[in-house]
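Asks: Dropping the structure in here first, questions after.
The values are calculated or read from the model by the stated rules, or taken from the named source; none is laboratory data. Remember, predicted model here, so these are calculated numbers, not experimental data. In this analysis, Cβ positions are derived from the backbone assuming ideal geometry, glycine residues included, and neighbour counts consider all displayed protein chains.
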């Protein structure tokens, strides 16, 4: 990080002593590297370029399974651009090894180094915000969102804009991730289970930074599908934020109770619950009272406002949005098509910036109604903009054949068979194959379940 971002008269925040003490501990005791990495320490925390080079050398040696010690580090750094010649490498490593700091305090040294890094990052970010405000090229809302995002990134420990070398990414991110996926606790590093094993096997669960579109015609069960998934995720202890631009918080909560307590939706609306219904209600309400499922029914919410609320909630694992066609971009657009393009791009950026899966419901066009005998939806049926398909990592489409075979299919309140088969068409999957997953649909309780219960326990 260059010194040019520091205001005149202000010194660059860094601690040479703490940086050297961290490296000295690594050279004295190889076990310190595990302790340092466990604290979330990263190469970029160092201010001095030669210290970054030494730390990366330690990581490379450890990744090969070799022991981190002075001779190995010197050999690894031969030809490094950060040192003038091999003699300079040997001399500097010898000086570090001779410091003899207390390895018991290595975590304290890393905290000092990290604290200085965060202060440097805040100074740089503050200057960027000042520049954006002075140029007057963006409106205040855009600048505020950008400023909030930058500060959030610093707090989350993200690099706020510098390019990363492939080798650094490999060592800092890819190798630890694959190691975790191969270890005994691999489940906590997989995508979040949706609650339906067959679907998880197809899309590898709900993964960070993914934008997942769920498309269907009206009355096909989009909201119920999302609520079922949200409840499944929340019951596993994952924090869920559910934004509904169509239904109220009370209506959403009633639907969750209906499907979990197996109480007919009509009874939830008219209050005619039997004694057994009240028993089921009380049992389920008590069991679900503390699940981390949060509903927000703000109308006309923009993506930037949504992102800000998710940030303030902290530690949200999954975000649901019901539904895309009711959203507004918050900025001027020449047409609705252009506005939807802006919204889907913002939703994808929200998923990426917050590192959470974002599941967005979307209405399909009427093309499915006039497609002869086969009414199965296609990607081209996504309404209003091709950018929906372009920005999405995964596109799921819901299809119930009985919907088209019974009269009055447009009316959600008309009684149908209690249990039907729903096809979940995986029409786009950036991470794997496309295909079809079948779920059982119970319209009485607006409930989706796996047809083969055993599949819910299958490993994926």
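Asks: Surrounded by fewer than 17 Cβ atoms within 10 Å (Cβ to Cβ) and under 18 Å from residue 107 (Cβ atoms), is that true of residue 66?
Replies: On the way: surrounded by fewer than 17 Cβ atoms within 10 Å (Cβ to Cβ): yes; under 18 Å from residue 107 (Cβ atoms): no.
When the stated conditions are applied, residue 66 does not pass them.
Asks: Quickly run through the stretch 228-248 and pick out the residues that are closer than 17 Å to residue 316 by Cβ and part of a helix (DSSP H, G or I).
Replies: Start the filter on the stretch 228-248 by keeping residues that are closer than 17 Å to residue 316 by Cβ, which leaves 229-244.
Within the stretch 228-248, 229, 230, 231, 232, 233, 234, 235 qualify.
Asks: Another question, if that's okay. For the condition out of contact with any strand residue (DSSP E or B) (no Cβ under 9 Å at 6 or more places or on another chain), in the same structural domain as residue 210 (by TED's automatic domain parsing) and touching a residue at least 12 places away in the same chain (Cβ under 8 Å), what is the one hit in 358, 318, 337? Steps first, answer last, please.
Replies: Numbers: 358 fails: out of contact with any strand residue (DSSP E or B) (no Cβ under 9 Å at 6 or more places or on another chain); 318 fails: out of contact with any strand residue (DSSP E or B) (no Cβ under 9 Å at 6 or more places or on another chain).
On inspection, the qualifying residue turns out to be 337.
Asks: Show the residue pairs that are 6+ apart or on different chains and have beta-carbon atoms under 6 Å apart, the first residue being within the stretch 273-294 and assigned to a helix (DSSP H, G or I), the second being modelled with pLDDT of 90 or more.
Replies: Qualifying pairs under 6 Å: none.
Asks: When residue 409 is evaluated against the numbered criteria (1) in a strand (DSSP E or B); (2) at pLDDT below 85, which criterion, by number, is the only one it fails?
Replies: Here residue 409 clears every test but (1).
Asks: Please verify whether the stretch 194-214 includes one or more residues that are surrounded by 21 or more Cβ atoms within 10 Å (Cβ to Cβ) and within 30 Å of residue 59 (Cβ to Cβ).
Replies: Within the stretch 194-214, one or more residues are surrounded by 21 or more Cβ atoms within 10 Å (Cβ to Cβ) and within 30 Å of residue 59 (Cβ to Cβ).
Asks: Moving to a separate point now. Just wondering, is there one or more residues in the stretch 373-383 that are closer than 21 Å to residue 449 by Cα, crowded, with 18+ Cβ neighbours inside 10 Å, assigned by TED's automatic domain parsing to the domain that holds residue 245 and modelled with pLDDT under 90?
Replies: So far as the stretch 373-383 goes, no, none of its residues is closer than 21 Å to residue 449 by Cα, crowded, with 18+ Cβ neighbours inside 10 Å, assigned by TED's automatic domain parsing to the domain that holds residue 245 and modelled with pLDDT under 90.
This table checks each residue for (1) over 16 Å from the mean Cα position of the chain (by Cα); (2) under 18 Å from residue 451 (Cα atoms); (3) without any contact (Cβ under 8 Å) to a residue 60 or more places away in the chain.
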position	(1), (2), (3)
194	no, yes, yes
201	yes, yes, no
209	no, no, no
215	yes, no, no
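Asks: Continuing with this model, one more query. Could you tell me whether residue 134 is under 32 Å from the mean Cα position of the chain (by Cα), in the same structural domain as residue 13 (by TED's automatic domain parsing) and either farther than 15 Å from residue 54 by Cβ or crowded, with 19+ Cβ neighbours inside 10 Å (or both)? Steps first, answer last, please.
Replies: Values: under 32 Å from the mean Cα position of the chain (by Cα): no; in the same structural domain as residue 13 (by TED's automatic domain parsing): yes; either farther than 15 Å from residue 54 by Cβ or crowded, with 19+ Cβ neighbours inside 10 Å (or both): yes.
Against the criterion (under 32 Å from the mean Cα position of the chain (by Cα), in the same structural domain as residue 13 (by TED's automatic domain parsing) and either farther than 15 Å from residue 54 by Cβ or crowded, with 19+ Cβ neighbours inside 10 Å (or both)), residue 134 does not qualify.
Results for (1) under 28 Å from residue 352 (Cα atoms); (2) outside the structural domain of residue 211 (by TED's automatic domain parsing); (3) touching a strand residue (DSSP E or B) at 6+ places or on another chain (Cβ under 8 Å); (4) at pLDDT 90 or above, shown as yes or no for each residue.
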{"position": "243", "(1), (2), (3), (4)": "yes, no, yes, yes"}
{"position": "246", "(1), (2), (3), (4)": "yes, no, yes, no"}
{"position": "269", "(1), (2), (3), (4)": "no, no, no, no"}
{"position": "272", "(1), (2), (3), (4)": "no, no, no, no"}
{"position": "285", "(1), (2), (3), (4)": "no, no, no, no"}
{"position": "289", "(1), (2), (3), (4)": "no, no, no, no"}
{"position": "297", "(1), (2), (3), (4)": "yes, no, yes, yes"}
{"position": "303", "(1), (2), (3), (4)": "yes, no, no, no"}
